[in-house]
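The values are calculated or read from the model by the stated rules, or taken from the named source; none is laboratory data. In this text, all values refer to a predicted model and were calculated from it rather than measured experimentally. So basically every Cβ, Gly included, is an ideal-geometry build from the backbone, and we count neighbours across all protein chains shown.
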Amino acid sequence: DAGVIQSPRHEVTEMGQEVTLRCKPISGHDYLFWYRQTMMRGLELLIYFNNNVPIDDSGMPEDRFSAKMPNASFSTLKIQPSEPRDSAVYFCASSPPSGRLGTDTQYFGPGTRLTVL
Amino acid sequence: QQQVKQSPQSLIVQKGGISIINCAYENTAFDYFPWYQQFPGKGPALLIAIRPDVSEKKEGRFTISFNKSAKQFSLHIMDSQPGDSATYFCAREHGSSNTGKLIFGQGTTLQVKP
């Protein structure tokens with residue numbers, strides 16, 4: 001298996017532009033998580049899905065952020081309009097279904113490094 | 001939001017030494033405590049995990065110790081090697097509803113000197 005795939009790996013954009021980050025989870029996994037990592041705030045959970053349905057979006061910083069999962073093999077995180085403070089590494093992770101939720105490994109992608117100028 | 005407090009923020013250890021990273025949590029309603037390891041430019045990856053029905057779990061040079069009464073758990077890396085240099089995150093399962101959601105500590109950057 002190729003693991004979790006994220007694209008692009010690096011994104012540099014100007015303030016006010018729309019940014020779309022993409023994620024392909026591991027096949028067969030039914031949980032998908034979006035995280036943001038910064039030096040100041042560490043690793044923050046933004047939103048997660050179960051079976052393509054958003055379960056908890058309480059970590060989404062504001063309305064400029066939105067996430068979708070149209071099918072089991074694809075998710076997007078969109079920032080519109082982007083701001084310099086959105087600069088961070090964004091990770092997507094997936095985990096398999098389990099009879100004992102919360103105890104399964106989350107498999108992280110390589111991340112997208114976003115720079116907003 | 002209920003936190004996981006991780007310490008130290010950074011750690012420098014000589015090759016062959018023992019690296020110790022500590023985490024404290026606030027609520028006893030959690031029953032899964034994983035540690036993730038992250039190398040520069042990579043995503044975090046699960047290193048080792050423990051459930052609080054055991055006080056210790058060992059996998060190779062890595063050991064988790066759990067102290068439920070003190071609400072603390074720690075990672076010990078024995079015979080630390082330069083290849084262990086990475087950032088380590090403790091985490092806990094969020095809430096008692098088995099949601100699959102993890103809350104991570106702030107991370108500890110470990111440098112093992114040759």
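Things worth noting here:
- Filter result for A:Arg22 (closer than 24 Å to B:Phe89 by Cα, outside any loop (DSSP other than H, G, I, E, B) and of a type in the set (D, E, K, R)): no
- Tally, over region A:65-76, of residues that are of a type in the set (A, V, I, L, M, F, W, C) and farther than 17 Å from A:Ile26 by Cα: 2
- Of the numbered criteria (1) closer than 15 Å to B:Phe104 by Cβ; (2) over 15 Å from the mean Cα position of the chain (by Cα); (3) more than 10 Å from chain B (Cβ to nearest Cβ), the one A:Met39 fails is (3).
- Failed criterion for A:Leu114 (all others in (1) over 11 Å from the mean Cα position of the chain (by Cα); (2) assigned to a loop (DSSP other than H, G, I, E, B) hold): (2)
- Counted as qualifying within region B:1-87 are the strands (runs of 3 or more DSSP E) with 1 or more residues that are among the hydrophobic types (A, V, I, L, M, F, W, C), surrounded by 16 or more Cβ atoms within 10 Å (Cβ to Cβ) and modelled with pLDDT of 90 or more, namely B:10-14, B:19-25, B:33-38, B:45-50, B:62-67, B:72-77.
- For A:Gly109: the one exception among (1) more than 11 Å from the chain's Cα centre (by Cα); (2) at the interface with another protein chain (Cβ under 9 Å from one of its Cβ atoms): (1)
- Long-range neighbours under 6 Å by Cβ, at least six apart or interchain, first residue more than 7 Å from chain A (Cβ to nearest Cβ) and in a loop (DSSP other than H, G, I, E, B) within region B:99-114, second modelled with pLDDT of 90 or more and crowded, with 19+ Cβ neighbours inside 10 Å: B:Gly105/B:Gln6; B:Gly105/B:Cys23; B:Gly105/B:Phe89; B:Gly105/B:Cys90
- Residue in region A:11-26 that is within 19 Å of A:Ser82 (Cα to Cα), buried (at least 16 other Cβ atoms within 10 Å of the Cβ), more than 10 Å from chain B (Cβ to nearest Cβ) and of a type in the set (A, V, I, L, M) present: yes
- Selection status of B:Tyr25, in contact with a Lys or Arg (Cβ under 6 Å, 6 or more places away or on another chain) and aromatic (Phe, Trp, Tyr): yes
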